[in-house]
């Protein structure tokens, strides 16, 4: 599948006259929760030629390329991505921390990962995942493993942020080992993962419900205490990164 994905990404570059700086897997495969029926959610960051940024015409800053039921490809322009980075956008941060990378053509991605350590508002990110957990719990299918995992994942992300004071890795089961204080809950979560991935687990949903409700209440208390990091020079830093990347990718001098 990787060869197919790279072929489609190369075609997107040619069709849109862009350069892809970074492409990765998002969703269940990035979280380590995929099964044999899971699709591929490819996400990428691209950069236009300089003329596109200097034109008064509206620039294409999103590219959607749904290939099939199994493969979805979606990308953001680099300038858009930097604006979202400045706002601590959780989706972008997940892309940058994906364990499955298809393309990484520029050291700018490592620069952004490094900046994440000092500039991301963990409070804003925490509120995002808290709201996701609450919304998904309100809509939960009480007998569906994926539905439960869609609640548990943002809860564990919040707990990881609270414990480690950093944007977490995406691997769901590492969160389980790192975060779950109750071994019985850990066992039930692992049963849930087995049911989702291999169709063979038997989780105790009642115990999971108690855990979810307790942890949501706990996160609501602590999320406002997470650091809302700011950097007065962030806009300047990102502007410099944008200009240097534009020059480097397109071999420009200005």
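The values are calculated or read from the model by the stated rules, or taken from the named source; none is laboratory data. Just so it is clear, the model here is predicted, and its values are computed rather than measured. Here the Cβ is made from the backbone with ideal geometry for all residues, glycine too, and neighbour counts use every protein chain on show.
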Identify, please: which residue in segment 197-213 is farther than 17 Å from residue 180 by Cβ and touching a helix residue (DSSP H, G or I) at 6+ places or on another chain (Cβ under 8 Å) and is, among those, modelled with the highest pLDDT?
202
With the condition kept exactly as written, say whether any residue in segment 79-88 is touching a helix residue (DSSP H, G or I) at 6+ places or on another chain (Cβ under 8 Å), closer than 19 Å to residue 13 by Cα, in contact (Cβ under 8 Å) with a residue 24 or more places away in the chain and assigned by TED's automatic domain parsing to the domain that holds residue 237.
yes
Result of the Cβ filter at 6 Å on segment 145-161, keeping first residues that are farther than 20 Å from residue 202 by Cβ and partners that are not in a helix (DSSP H, G or I), at least 6 apart or interchain, is 157/168; 160/168
Name the residue that is surrounded by the fewest Cβ atoms within 10 Å (Cβ to Cβ), counting only residues in segment 38-78 that are in contact with a helix residue (DSSP H, G or I) (Cβ under 8 Å, 6 or more places away or on another chain), in a loop (DSSP other than H, G, I, E, B) and modelled with pLDDT under 95.
60
Just give me the residues in segment 170-187 being more than 20 Å from the chain's Cα centre (by Cα) and buried (at least 21 other Cβ atoms within 10 Å of the Cβ), in sequence order.
185
Segment 188-212, residues that are more than 24 Å from the chain's Cα centre (by Cα), in contact (Cβ under 8 Å) with a residue 60 or more places away in the chain and within 19 Å of residue 158 (Cα to Cα):
208
Can you find a residue in segment 4-19 that is in the same structural domain as residue 76 (by TED's automatic domain parsing), surrounded by 15 or more Cβ atoms within 10 Å (Cβ to Cβ) and assigned to a strand (DSSP E or B)?
yes
Of all residues being assigned to a loop (DSSP other than H, G, I, E, B) and closer than 18 Å to residue 164 by Cβ in segment 221-234, which is modelled with the highest pLDDT? Just the residue, please.
226
All but one of (1) loosely packed, with under 15 Cβ neighbours inside 10 Å; (2) touching a helix residue (DSSP H, G or I) at 6+ places or on another chain (Cβ under 9 Å) hold for residue 30; which doesn't?
(1)
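Of these, 118, 141, 110, which one is more than 12 Å from the chain's Cα centre (by Cα), modelled with pLDDT under 90 and not in a loop (DSSP other than H, G, I, E, B)?
Only one candidate passes the filter, namely 118.
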When (1) more than 20 Å from residue 84 (Cβ to Cβ); (2) surrounded by 18 or more Cβ atoms within 10 Å (Cβ to Cβ); (3) under 14 Å from the mean Cα position of the chain (by Cα) are applied to residue 167, the one that fails is (1)
Anything in segment 121-130 that is in a helix (DSSP H, G or I) and under 16 Å from the mean Cα position of the chain (by Cα)? List them, or say none.
122, 124, 125, 126, 127, 128, 129, 130
Look through segment 101-120, keep the residues that are surrounded by fewer than 17 Cβ atoms within 10 Å (Cβ to Cβ) and in contact (Cβ under 8 Å) with a residue 60 or more places away in the chain, and return whichever of them is nearest to residue 81 (Cα to Cα).
111
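Can you tell me which residues in segment 147-184 are part of a loop (DSSP other than H, G, I, E, B) and under 19 Å from residue 88 (Cα atoms)?
165, 166, 167, 168, 169, 170 - these are the residues of segment 147-184 that are part of a loop (DSSP other than H, G, I, E, B) and under 19 Å from residue 88 (Cα atoms).
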Here are 216, 179, 237: which of them is modelled with pLDDT under 95 and outside the structural domain of residue 53 (by TED's automatic domain parsing)?
179
